[in-house]
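The values are calculated or read from the model by the stated rules, or taken from the named source; none is laboratory data. The structure presented is a predicted model; accordingly, all values stated were derived computationally and were not measured. Virtual Cβ from ideal backbone geometry, glycine too; neighbours counted across all protein chains shown. All accessible areas refer to the heavy atoms of the entire protein, side chains included, with ligands and DNA or RNA removed. Shrake-Rupley method; radii C 1.70, N 1.55, O 1.52, S 1.80 Å.
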Amino acid sequence: MSGDVTIAAAKRALAAAAEHLPELAALARTVRVSVSSKLATAGVFRSGRMALNPDWFGALDPGAQEFVIAHELLHLLLRTHDRAEGSPAGAFNLAHDAVINDLLFRRLGRTPPASGVWLPGAAAMAAEELLNCPLGEPSYDALRDDALDDELERQLFGHDPTLADRGWGKE
């Protein structure tokens, strides 16, 4: 899938996610979508830049694309990047993936696409509680993680403080 086609598909998925999950509508209008074949799947940076692997994203059906987009938006809404500080690399993201995917299963009525982690009942827990649950010990790969760090964003795209500039997440 080309970059332009990927961006168009992502925009449709953003609109669908905002329609089905109204609490994500403001974020859906704010995020900036970029394409990178260097990422294995999809991810979101603290700045609000969402990055998609065009081949991986293009292979998903529209419902799965909506799920992925909503999943990444929820990482921002739930402040995964901030809450993960001090946790082992990748562990907090995996725990939050379980929470987010179970929440989306309940709200969108479908299981996570592409073998995404799913722990039924996780939506009723905080990611911090799940850190000690046997989700498996992830082997950390920054290009597979989906709550992506600032340094990787600078390496791939340069810095884009989109959400910070608009005051998103500031008390």
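So what's the net charge close to P112: Lys and Arg +1, Asp and Glu -1, counting the other residues with Cβ under 11 Å from its Cβ? It would help to have the intermediate numbers written out before the result.
Details: positive: R110; negative: D97, D102.
Combined, the nearby Lys, Arg, Asp and Glu give -1.
Protein heavy-atom accessible surface, 1.4 Å probe, per residue over region 47-123: 36 Å². Under a model in which nothing but the beta-carbon of Lys, Arg (+1) and Asp, Glu (-1) is charged, region 1-87 shows a dipole of about 300 debye around its Cα centre.
Return a whole-number percent for the relative contact order of region 1-79, with Cα pairs under 8 Å and 6 or more residues apart as the contact set. List each step's numbers first, then the result.
Working: 108 pairs, mean separation 28.1, N = 79.
It rounds to 36 percent for region 1-79.
The equivalent ellipsoid that matches the C-alpha gyration tensor of region 2-99 spans semi-axes of 21, 16, 12 angstrom, in descending order. For the pair K38 and N132, label points projected 7 Å from Cα toward Cβ lie 3.8 nm apart. Once both labels are positioned 7 Å from their Cα atoms along Cα-to-Cβ, the gap between K11 and S115 label points is 3.3 nm.
Of the accessible area of region 51-95, computed with a 1.4 Å probe over protein heavy atoms only, carbon and sulfur atoms account for 56 percent.
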